[in-house]
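For reference, the structure discussed in these notes is given below.
Laboratory data are not the source of any read-out in this text; all were calculated from the coordinates shown. Keep in mind that this is a model prediction, so the values were computed, not measured. Note: ideal-geometry Cβ built from the backbone for every residue, glycine included; neighbour counts use all protein chains shown.
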Amino acid sequence: MAEVPPPGSVIVADWHRCKESKEYFSKLLHKKRRKKFGLLESPVMPPHAAVDTVHYKIFLSGKSGVGKTALAARLAGLNIPNSHYETTGIETTVVYWPVKLRDSGRVLFFRLQLWDCGENALRRFDHLLPSCKEQVDAVLFLFSFTDRTSFDDLSNQIAKWTRPSVGQVVKVVVGTKFDLFMHCDVAERDVRGFQETWRLPLLQMGGEASDGLGDIAPLLNCLTEQLWHQDCVAAGSSRHHSQLDTVTVL
């Protein structure tokens, strides 16, 4: 399993709180609320602050009802559905998130395309899961703190994405409905045991959303940091193999 970088070792974790970042994060807002970006839309920066955009595909995995659609809406700043409905096919949501790299000080816009597919639809139509897996960069494994079976199913889900045929994919676990502690079915000791076994980042999200960025920053920072780290490791490995090939040819 690929090494997970320590939090804040690749990107500046609290950069969204810094005055310097306001010019970038303001491009995500319209009248102090989050903008909705379509597939062909992107934040527009002035020429003096132009930044590169890196694109990633993220798949949301989890049992029906754990909150995949709600999480996608929350990360994008969209309205969260008041009632649960089963996603009938594949829904995609675009999330932009500016990041400052720790070593170089370079600023990047991460374009995260979230792919959400209903559990029943995946079972009924064989072509949906291969479409979700194609060129995927990361998987968010969701469970609900109010649904013990969704937590028990995590190991099975992760194992399917850890096979050699899948390749290198960033893996992050997200526990939803953490604020509903009165109905909690997953104990803290269970979460600790899971983390000791799998060594994957595990973040907790409540059900209440705000217009601010502070509640989604930990998850988006964790995800973007691992994605960039994975790309850097892959690029270093490619350069290493290219050098070996050159030596062999010579």
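At-a-glance table
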quantity: The stretch 15-249 - charge dipole about Cα centre, Lys and Arg +1 at Cβ, Asp and Glu -1, debye rounded to 20; calculated: 560
quantity: Selected from Asp103, Asp116, Asp14 as most flexible by GNM, with the chain as the system and alpha-carbon contacts under 10 Å; calculated: Asp103
quantity: Where labels lie 7 Å past Cα in the beta-carbon direction, separation of Ser42 and His183 in nm; calculated: 4.1
quantity: Dipole axis of the stretch 15-249 (+1 Lys, Arg; -1 Asp, Glu on Cβ), positive-most option in Thr146, Ile58, Gly38; calculated: Gly38
quantity: Theoretical ellipticity at 222 nm over the chain - DSSP helices of four or more residues, -39500 (n - 2.57) apiece, nearest 500; calculated: -9500 deg cm²/dmol
quantity: Dipole of the chain, positive direction: furthest Cα of Cys117, Pro47, Gln204, with charges on the beta-carbon; calculated: Pro47
quantity: Rg(Cα) / (2.2 N^0.38 Å) computed for the stretch 44-150, rounded to two decimals; calculated: 1.25
quantity: Violating pairs (Cα-Cα greater than 21 angstrom) within the set Lys57/Lys177; Lys68/Lys160; Lys36/Lys63; Lys19/Lys100; Lys68/Lys100; Lys31/Lys177; calculated: Lys57/Lys177; Lys36/Lys63; Lys68/Lys100; Lys31/Lys177
quantity: Computed over the chain: relative contact order in percent, which uses C-alpha pairs under 8 Å that are six or more apart; calculated: 21
quantity: For the chain, built as a Gaussian network whose Cα springs stay under 10 Å, the top-fluctuating residue of Phe125, Phe37, Phe109; calculated: Phe125
